[in-house]
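The values are calculated or read from the model by the stated rules, or taken from the named source; none is laboratory data. Nothing here was measured: the structure is a model prediction, and the numbers come from that model. Neighbour counts run over all protein chains shown; Cβ positions are idealised from the backbone, glycine included.
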Amino acid sequence: MKHIKAVSTKIFDKNHKTGCGECQASCQSACKTSCTVGNQACAKEEKILRETKEDK
Amino acid sequence: MVHTFIYKHNGQPLYFLWDVESGSLFNVDDVAFLCAVKRYSALNDEQASEYRKISPERIAECEEELSSLESEGALNAPRKISEFTKNAGVVKALCLHICHDCNLRCEYCFASGGTYNTARDYMSAETAKAAIDFLISSSGNIRNLEVDFFGGEPLMNLGVVKETVEYAKSRAAEAGKRFSFTMTTNCLLLNKANAEWLNAEMDNVVLSIDGRESVHNGVRKSVSGKDCFGVILDNAIAFRKIRGDKKYYVRGTYTAKNKDFCSDVLALNDRGFDQISVEPVVLPEDHPLALKMSDIEELEAEYDKLAEAYIERRKTGKWFNFFHYMIDLDHGPCLNKRLTGCGAGTDYLAVSPTGDIYPCHQFVGNEEYLLGNVREGISRQDVRERFARYTVLSKPHCAECPAKYYCGGGCTANALHFTGSPDGCYELGCALQRKRLENSLAIYYIENNAD
């Protein structure tokens, strides 16, 4: 495109059916007086990797 | 919904389109920006004048590109979910008020000198262990559980913290759980032995320092009213040295006394800290330290100043993370998390020294929100279910907000304090959240598109 450059596209489509609840509660990080969730990671992939490792 | 915004980098404007519902970000030229503003909101007089100077051919090019992105679902995308209620049946994180006492008297403390307007009290090991049992038995299939040792000042009751950690670890294996521990400390008692224990046992340690010495000493005083910055900084620096790559944050609060808080963030970075969070104080408007809506332009300009300094420092040996500028556009949390935020009142609860359960640490002491006790369990499930319905989708003020999937609908405690309802709009907090999101997106673009 000549006038528009995509920086990042459609992230919510990829993972909107998750909600496993394994990720960190946002107030356990650094906030305590505000609420920020956009900088948190999805723990699902990490959990699968960890459990696979432990099963071996 | 498309949000258009401009960020000035090195004095030059960068133009962005932010597609709120899909989470897509676009950098555009000035012509496409004006076309997008016209298409999705409205041109102001100055913009309308500029728009009239654009040739019809260029406008057609831009309109075609915008339409193409819309047809791909990357721009002006529809909302993907219209109703959502969080599961109010499981708990995954507890904030343990291990001690309602503090060795500092900070002027802005929401906990009233650590007491939360209750008697000075210390949690017993028996209560803390009952809290661990409550967490395990309430966590359903959730495997990763979190415990945050909070106060007051939790190092004033470190013996119980240690017993609690040992107990939780001993129960984790049999229960099929994994515990992560966090402590938030003012660093006054963070001597070598305590630092080594925290470093070994805590997954995250939050160190409270407000930035510059004058700012810190101005609001964070000892019980006898003395300055404490020197000892706190020395202890925090010593802890940082042994912490290595493990998780920690230095966390400060800015108030009406230091609206130039960029200097405090940079001062913390100058002291060797690389994980920094400095946050706006939350106080009623009649408090002398309160931030007000009339401060918003000044605060926004300060966030811009911080963003520019942040970008420059991250290219150098003074690289650091600022908590509210961290954003991951490629991954990030799932939509459920984005709709519900911190989980206060549902899967995140706070426990007072006597074992009473509240929606979060900021509700402790407010009897209207007393949910139960760790020994007897939840007695006010109706309140938890009310919190489960507080989502981005249920709050009218979130509907048109470009930051709604990045704050999860905001802090229920702040909303309660300012509006009388946990699902109200804390206007200043929302405005600052929007500003920080715009800057985070611009920083993301600049750092991933270096010349």
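State whether one or more residues within region B:192-204 are in a strand (DSSP E or B), in contact with a Phe, Trp or Tyr (Cβ under 8 Å, 6 or more places away or on another chain) and not hydroxyl-bearing (S, T, Y). Looking through region B:192-204, at least one residue is in a strand (DSSP E or B), in contact with a Phe, Trp or Tyr (Cβ under 8 Å, 6 or more places away or on another chain) and not hydroxyl-bearing (S, T, Y).
If you go through region B:69-81 one residue at a time, how many are free of Cβ contacts under 8 Å to residues at least 12 places away in the same chain and part of a helix (DSSP H, G or I)?
Residues that pass the stated criteria total 2.
Only one entry of B:L416, B:L432, B:L441 meets the criterion of being in contact with a Leu (Cβ under 7 Å, 6 or more places away or on another chain) and either farther than 21 Å from B:V28 by Cβ or modelled with pLDDT under 95 (or both), and that entry is B:L432.
To keep it simple, each residue is scored yes or no on (1) within 14 Å of another protein chain (Cβ to nearest Cβ); (2) buried (at least 22 other Cβ atoms within 10 Å of the Cβ); (3) more than 12 Å from B:M123 (Cβ to Cβ); (4) among the aromatic types (F, W, Y).
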| site | (1), (2), (3), (4) |
| --- | --- |
| B:N141 | yes, no, yes, no |
| B:E146 | yes, yes, yes, no |
| B:G159 | no, no, no, no |
| B:E174 | no, no, yes, no |
| B:R178 | yes, no, yes, no |
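Inside region B:332-362, residues that are part of a strand (DSSP E or B), in contact with a strand residue (DSSP E or B) (Cβ under 8 Å, 6 or more places away or on another chain), within 13 Å of chain A (Cβ to nearest Cβ) and touching a residue at least 40 places away in the same chain (Cβ under 8 Å) make up a count of 3.
Counting only residues that are under 25 Å from B:P78 (Cβ atoms) and more than 13 Å from chain A (Cβ to nearest Cβ), which one in region B:28-55 is surrounded by the fewest Cβ atoms within 10 Å (Cβ to Cβ)?
By that ranking, first place goes to B:A42.
Here's a check for you: in region B:78-103, which residue that is within 22 Å of the chain's Cα centre (by Cα) and basic (K, R) is farthest from the other protein chains (Cβ to nearest Cβ)? Looking at residues that are within 22 Å of the chain's Cα centre (by Cα) and basic (K, R), I get B:K86.
Does region B:49-72 contain any residue that is β-branched (V, I, T) and over 30 Å from the mean Cα position of the chain (by Cα)? Yes, some residue in region B:49-72 is β-branched (V, I, T) and over 30 Å from the mean Cα position of the chain (by Cα). Evaluation of B:E438 against the conditions (1) without any contact (Cβ under 8 Å) to a residue 24 or more places away in the chain; (2) touching a strand residue (DSSP E or B) at 6+ places or on another chain (Cβ under 7 Å) shows that the sole unmet condition is (1). Of the listed requirements (1) within 14 Å of chain A (Cβ to nearest Cβ); (2) of a type outside the set (V, I, T); (3) surrounded by fewer than 17 Cβ atoms within 10 Å (Cβ to Cβ), B:L329 misses just one: (3).
Considering each residue of region B:14-27 in turn, none proves to be within 13 Å of chain A (Cβ to nearest Cβ), in contact with a Leu (Cβ under 8 Å, 6 or more places away or on another chain), more than 22 Å from B:R434 (Cα to Cα) and small (G, A, S). Pairs meeting the criteria (first residue in region B:398-424 and within 8 Å of chain A (Cβ to nearest Cβ) and surrounded by fewer than 24 Cβ atoms within 10 Å (Cβ to Cβ), second residue among the aromatic types (F, W, Y) and part of a loop (DSSP other than H, G, I, E, B), beta carbons under 7 Å, at least 6 apart or on different chains) are B:N414/B:Y426. In summary, B:G225 fulfils each of the numbered conditions (1) surrounded by 16 or more Cβ atoms within 10 Å (Cβ to Cβ); (2) of a type in the set (G, A, S); (3) touching a residue at least 60 places away in the same chain (Cβ under 8 Å) with the single exception of condition (1). Put simply, of B:L34, B:L66, B:L96 the only residue that is at pLDDT 95 or above and not in a helix (DSSP H, G or I) is B:L96.
This table checks each residue for (1) over 21 Å from B:N439 (Cα atoms); (2) out of contact with any Asp or Glu (no Cβ under 6 Å at 6 or more places or on another chain); (3) of a type in the set (F, W, Y).
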{"position": "B:R314", "(1), (2), (3)": "no, yes, no"}
{"position": "B:F320", "(1), (2), (3)": "no, no, yes"}
{"position": "B:P333", "(1), (2), (3)": "no, yes, no"}
{"position": "B:T340", "(1), (2), (3)": "yes, yes, no"}
{"position": "B:Y390", "(1), (2), (3)": "yes, no, yes"}
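Within the set B:S224, B:S214, the sole residue that is part of a loop (DSSP other than H, G, I, E, B) and more than 21 Å from B:F418 (Cβ to Cβ) turns out to be B:S224. Of all the criteria given as (1) touching a Gly at 6+ places or on another chain (Cβ under 8 Å); (2) in a loop (DSSP other than H, G, I, E, B), the one not satisfied by B:F84 is (1).
What are the residues in region B:363-399 that are assigned to a helix (DSSP H, G or I) and touching a strand residue (DSSP E or B) at 6+ places or on another chain (Cβ under 8 Å), if any? Those that are assigned to a helix (DSSP H, G or I) and touching a strand residue (DSSP E or B) at 6+ places or on another chain (Cβ under 8 Å): B:F363, B:Y369, B:R384, B:F387. For region B:133-174, a tally of residues being touching a Gly at 6+ places or on another chain (Cβ under 8 Å) and among the aromatic types (F, W, Y) returns 1. Looking only at region B:294-324, count how many residues are more than 8 Å from chain A (Cβ to nearest Cβ) and in a helix (DSSP H, G or I). Total satisfying the criteria: 20.
From the list B:L233, B:L207, B:L268, B:L283, the lone residue that is aliphatic (A, V, I, L, M) and part of a loop (DSSP other than H, G, I, E, B) is B:L283. Taking the numbered list (1) closer than 19 Å to A:G38 by Cβ; (2) modelled with pLDDT of 95 or more in turn, B:Y406 passes all entries but (2).
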